[in-house]
Amino acid sequence: MPAGSGGARVVGDDVAVEQVDGAVRVVGVRRGMRHHDDRRAFLVQRAQQFHDFLAVHRVEVTGGFVRQYQRLAADHGAGDRDAFAARLVFSEPPAVRKNYHTDFDGDGTSDVAVFRGTTGLWAVRGVTRAYFGSSSDQPAPADYTGDGTTEIAVFRDTTGLWAVRGLTRLYFGTSTDSTVPGDYAPSGNWGLAIFRPASGLWAIRGVTRAYFGSSSDTVVPGDYDGDGSWDIGIFRSASGLWAIRGVTRLYFGSSLDAPVPADYDGSGADRAGIFRGSSGLWAIRGVSRLYFGGSGDIPVTR
């Protein structure tokens, strides 16, 4: 439901809300509400809930805070029922964003960053330098708070420790697991997740556990259908199979390739893509083919 178009959604069991011409219009019936101020407070609350729903589902709205309330009509019906219509206009520009894997300053673009395990150094170009972690840790940066900024974090597989700098420490996973944090809920913030190759287990903390893939697969989670929620996925290089759980199965690439899925065309959905180090080929399914880099290079997309 893009901005400026109609489309109603019921929020709760007593009010309908729709987005029309860049504003949120609330239309509904509420029992026992005759006082104007009560109605206004109720409408503001419901409109904010609808706004939050839109934000979570990556739908653009006209802002974040109610700055104007206009009572369009009121029809006092029989008994204790009021029919009403109201329009609420939101101030501030849209706060719609994608969760970039390495946006350490929250400006909406990915930052160039390295983790040097020998010293625990995180160097984020033009943003910061910090020391966190050690040579026994896997880097696991992500937006764990949903504020649009990537947090420095590590996973210590010897103990299953996840340490998020300045935020939390908890235990999830074992030494045989690979980290696959992402926005699987979706909630706007990334959650802890692991893939256990020996059994094909995906354990997404607080969300789900599923079995998908095997020890010969490369994990490629992402939002392949553009619904705002990450999907479980694997790339099987022996056959070029991309299997995205509940979404699709397709063949693209070979055993020579490294998978590099990402949203390359700005559609809101990730595309299957490969990097072939022997020739420097980047092939993005349905989007483009180009040459950049070569053997020995590590492709970076998220």
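Where a number appears in this text, it was derived from the coordinates with a stated rule and is not lab data. Remember, predicted model here, so these are calculated numbers, not experimental data. Quick reminder, even Gly has a Cβ in these numbers, built from the backbone with ideal geometry, and neighbours come from all protein chains shown.
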Charged-residue dipole, Cβ positions (Lys, Arg, Asp, Glu), the range 171-302 about Cα centre, Debye nearest 20: 320
In order over the range 227-238: 3J(HN,Hα) from phi, Karplus 6.51/-1.76/1.60, θ = phi - 60°, whole Hz, x for each Gly or Pro, gives 8, x, 10, 5, 10, 6, x, 9, 10, 9, 5, 4
Mind checking which of 226, 298, 256 is farthest towards the positive end of the range 218-302's charge dipole, using Cβ charges of +1 (Lys, Arg) and -1 (Asp, Glu) about the Cα centre? 256
Which whole-Hz ³J(HN,Hα) couplings does the range 147-153 yield from phi under the Karplus relation 6.51 cos²θ - 1.76 cosθ + 1.60, θ = phi - 60°, glycine and proline marked x? 9, x, 10, 6, 9, 5, 7
How would you rank 108-121, 237-250, highest first, on the average number of other Cβ atoms within 10 Å across their residues? 237-250, 108-121
Site residue 112, offset 7 angstrom along Cα→Cβ, radius 17 Å on amide nitrogen, limited to the range 268-302, gives 292-294, 297-302
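Rounded to the nearest 0.05, what FRET efficiency is calculated for residue 121 and residue 295 with R0 set to 30 Å and r the Cβ-Cβ distance?
Values: r = 27 Å, r/R0 = 0.90.
Taking R0 as 30 Å, the efficiency between residue 121 and residue 295 is 0.65.
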Phi to ³J(HN,Hα) by Karplus 6.51 cos²θ - 1.76 cosθ + 1.60 over the range 187-196, Hz, x for Gly, Pro: 9, x, 10, 7, x, 6, 7, 9, 10, 9
